[in-house]
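Asks: First, the structure itself, so that you have it in front of you.
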Amino acid sequence: MQGYVSTKVKKALKVGERVSKRNFPFIKNNIIANSVEGTYEEAMTEWEFVGILDEENVERFVPRCQLCNQPGLRINFEIHNPDTRKRFLVGSSCIKKFLVLKGTSSLEESWDFFVRQSIRYASLDDLRYFANDVLASENIQVHQIRRLRKLVADVLGLPDQCSLNSAVFEKKEDWDGLVHYLIGSNDGSDQVWRKKLERIKMILFSPSKLIKKQKLLDTGEKDGHWANIGRKNTRVDTTLSRSEAYKNPAKKN
Ligand SMILES: [Zn+2]
């Protein structure tokens, strides 16, 4: 796992494939030919942005943008026209210059939306790999905690990782979705899963407690001490567990 996807995506957003003016008519015709409407102004609004592909995804990744044919891509952005069912893997420049993505109403608005969405997709990708390593290891390093918090903050669309400490999930599904994404689902009977869940909560909502606790471990406590602590305090006191949304629905009234 060298080169985090989100780093590559941010780079690809900053410097897209080079599209020369000469190619504009070719690109516009390409869009029209794969849309329902016959004019560029209408055809450009039919597309949605559905995901990103890293170059390491060798089965699907294409080094050339499928709209302008420029080479040198390291990230593919996938667009889809739900009416014609056409899909293209493209570079960021073509999206920036030629598409008003579904749900937006101008090139500028479309680009803002696209940038935010790209960073979310990329952070999700990174999270999956990273969380696996970090949550399974007995001792988490401070830099790993920071990295995980940054990724989750990006995924949730928060301005920075400090906002996590006071984050409240409006809907229980959002929280469950994040947990599911990080460690899968479980009814709570699996000890390992519960330990990971506790760890996620600490990393996200009270990282300083976790760091302190780990320092205790580092002074010669046996491995596994952590698990005992976790068992005694099955519920960590987080902002999240205080929020209405997080309360166990079974206990409702
Ligand atoms: Zn292109």
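Asks: Give me the residue from segment 159-174 that is assigned to a loop (DSSP other than H, G, I, E, B) and buried (at least 16 other Cβ atoms within 10 Å of the Cβ) and, out of that set, modelled with the lowest pLDDT.
Replies: Filtering segment 159-174 down to residues assigned to a loop (DSSP other than H, G, I, E, B) leaves 159-160, 167-171.
Imposing the further condition that a residue be buried (at least 16 other Cβ atoms within 10 Å of the Cβ) reduces the set to 167, 169.
Working: A167: 76, F169: 79.
Per the stated criteria, the residue is A167.
Asks: Looking only at segment 90-109, which residues are small (G, A, S), out of contact with any strand residue (DSSP E or B) (no Cβ under 9 Å at 6 or more places or on another chain) and within 16 Å of the ligand (Cβ to nearest atom)?
Replies: Step one: of segment 90-109, the residues small (G, A, S) are 91-93, 103, 105-106.
Retained after the next criterion (residues that are out of contact with any strand residue (DSSP E or B) (no Cβ under 9 Å at 6 or more places or on another chain)): 93, 105-106.
Across segment 90-109, the qualifying residue is only S93.
Asks: Which of the numbered conditions does E109 fail, given that it passes all the others? Conditions: (1) of a type outside the set (A, V, I, L, M, F, W, C); (2) assigned to a helix (DSSP H, G or I); (3) under 19 Å from the mean Cα position of the chain (by Cα).
Replies: It is condition (3) that E109 fails.
Asks: Can you name every one of the helices (runs of 4 or more DSSP H) wholly within segment 1-91 that holds 2 or more residues which are surrounded by 19 or more Cβ atoms within 10 Å (Cβ to Cβ) and in contact (Cβ under 8 Å) with a residue 24 or more places away in the chain? Spell out how you get there, then give the answer.
Replies: On the way: elements: 5-14, 24-33, 40-43.
By residue number, 5-14, 24-33.
Asks: Follow-up. Please tell me if S118 is away from the ligand (no atom under 13 Å from the Cβ) and touching a Leu at 6+ places or on another chain (Cβ under 8 Å).
Replies: Working: away from the ligand (no atom under 13 Å from the Cβ): yes; touching a Leu at 6+ places or on another chain (Cβ under 8 Å): yes.
So S118 passes the test.
Asks: Next question. Would you check which residues across segment 126-154 are crowded, with 20+ Cβ neighbours inside 10 Å and within 11 Å of the chain's Cα centre (by Cα) and list them?
Replies: Within segment 126-154, D126, L127, L151, V152, D154 meet the criteria.
Asks: Among R22, R64, R74, R85, which is within 12 Å of the ligand (Cβ to nearest atom) and basic (K, R)?
Replies: Numbers: R22 fails: within 12 Å of the ligand (Cβ to nearest atom); R74 fails: within 12 Å of the ligand (Cβ to nearest atom); R85 fails: within 12 Å of the ligand (Cβ to nearest atom).
Criteria check complete, one pass: R64.
The values are calculated or read from the model by the stated rules, or taken from the named source; none is laboratory data. The shown structure was predicted, so the numbers you read here are calculated from the model rather than taken from an experiment. When we count neighbours, we look across all protein chains shown, and the Cβ atoms used for this are built from the backbone with ideal geometry, even at glycine.
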